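Worksheet: one structure, shown below.
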Amino acid sequence: MARITSGVTCSHVPALGVAVDKGITGDDYYGPIFKGFEFSKEWMEKENPDLIFLVYNDHCTAFDASVIPTFALGCATEYHPADEGWGPRPVPVVKGHRELSAHIAQSLVLDEFDITIMNEMEVDHGLTVPLSMMYGQPDEWPCPVVPLAVNVVQYPAPRGRRCYALGKAIRKAIESYPEDLKVCVFGTGGMSHQLQHKRAGLINPEWDARFMDLLVNDPEQGSEITHVEYLREGGSEGIELVMWYVMRGALNEKVEEVHRFYHVPASNTAVGHLILENR
Ligand code: DHB
Ligand code: FE
């Protein structure tokens, strides 16, 4: 049977993808950030999952204002990197796993999570940057990816509690799939950031640290964080952090924190990163 062995959370700052693509990850600005991922790359190679279930948000790339699904599950054979204004990133095409996606779609809908099925979807920095942070620049991504895009771009975004429950349903779906697959779940986005208007540039390291502590050690309580708290403490884009709760719901209640990294600044946000193992 398929089983979930680990979870990764990772900010998906576009500038980090640019740093990788331009070969400037060792400079004064980016060097300290990429240093924080050296352990992660080694861990990823050792963990060697058969598949990544990757929770991210689309940034008006695959979807525009004409359609905004709350939860959109990738059910395609492959996902091409999107052109976000400067041409597609020079990263490999993401291979999917249609059979597993179809199984997860059925399980979720029967479990009363009415996700949108995406038989075609281009993927933006929300998905490709975390893969670059964990794998560097391979010719092919080492394993297939099943993407789940969560709406955090236009109000109303789903609550953390709903995302946490969805994570549990995703675990049930994956662990009822008959193929023997070792699965790692990614939750991307965050940490505190605000890209617009009067509080643009907001970063809140104390709240970010508390957020990570709760996520790891008391996810039941942490999943209750309200929209207003995300907005007040984490800025208007801090709501991306609800996606970490999808990842967290897919893991055991008790997990081992094997790596934590936090760095300010990276573009307009803090880079936050966790590796968690099911023990
Ligand atoms: C930035 C961060 C994001 O999460 C994003 O999606 C876009 C930009 C930034 O800090 O620049
Ligand atoms: Fe984002």
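The values are calculated or read from the model by the stated rules, or taken from the named source; none is laboratory data. This is a predicted model, so every value here is computed, not measured. With ideal geometry, Cβ positions are generated from the backbone for all residues, glycine too; neighbour counts draw on all protein chains shown.
Within the stretch 39-53, not a single residue is touching a Pro at 6+ places or on another chain (Cβ under 7 Å), farther than 24 Å from residue 208 by Cα and not hydrophobic (A, V, I, L, M, F, W, C). On inspection, residue 228 fails the criterion of being assigned to a helix (DSSP H, G or I), buried (at least 16 other Cβ atoms within 10 Å of the Cβ), more than 16 Å from ligand 1 (Cβ to nearest atom) and not charged (D, E, K, R).
As a summary of the residue check, residue 213 satisfies the conditions (1) free of Cβ contacts under 8 Å to residues at least 24 places away in the same chain; (2) in contact with a Lys or Arg (Cβ under 7 Å, 6 or more places away or on another chain); (3) charged (D, E, K, R) except for the one numbered (2).
Yes/no matrix, rows are residues, columns are (1) more than 16 Å from the chain's Cα centre (by Cα); (2) at pLDDT 95 or above; (3) surrounded by fewer than 23 Cβ atoms within 10 Å (Cβ to Cβ); (4) not in a loop (DSSP other than H, G, I, E, B):
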{"residue": "92", "(1), (2), (3), (4)": "yes, yes, yes, no"}
{"residue": "105", "(1), (2), (3), (4)": "yes, yes, yes, yes"}
{"residue": "113", "(1), (2), (3), (4)": "yes, yes, yes, no"}
{"residue": "117", "(1), (2), (3), (4)": "yes, yes, yes, yes"}
{"residue": "128", "(1), (2), (3), (4)": "no, yes, no, yes"}
{"residue": "147", "(1), (2), (3), (4)": "no, yes, no, yes"}
{"residue": "170", "(1), (2), (3), (4)": "no, yes, no, yes"}
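Would you call residue 211 within 16 Å of ligand 1 (Cβ to nearest atom), among the hydrophobic types (A, V, I, L, M, F, W, C), assigned to a helix (DSSP H, G or I) and modelled with pLDDT of 95 or more? Considered against the rule, which asks whether it is within 16 Å of ligand 1 (Cβ to nearest atom), among the hydrophobic types (A, V, I, L, M, F, W, C), assigned to a helix (DSSP H, G or I) and modelled with pLDDT of 95 or more, residue 211 comes out as yes. Only a single item in (1) within 16 Å of ligand 1 (Cβ to nearest atom); (2) in a loop (DSSP other than H, G, I, E, B); (3) not hydroxyl-bearing (Ser, Thr, Tyr) is not met by residue 67, and it is number (1). Restricting attention to the stretch 194-208, which residues are within 16 Å of ligand 2 (Cβ to nearest atom) and either part of a loop (DSSP other than H, G, I, E, B) or surrounded by fewer than 17 Cβ atoms within 10 Å (Cβ to Cβ) (or both)? Once the filter is applied, which keeps residues that are within 16 Å of ligand 2 (Cβ to nearest atom) and either part of a loop (DSSP other than H, G, I, E, B) or surrounded by fewer than 17 Cβ atoms within 10 Å (Cβ to Cβ) (or both), the stretch 194-208 yields 194, 195, 196, 200, 201, 202, 203.
Among the residues of the stretch 177-187, is any farther than 20 Å from residue 52 by Cα and out of contact with any strand residue (DSSP E or B) (no Cβ under 6 Å at 6 or more places or on another chain)? No, that holds for no residue.
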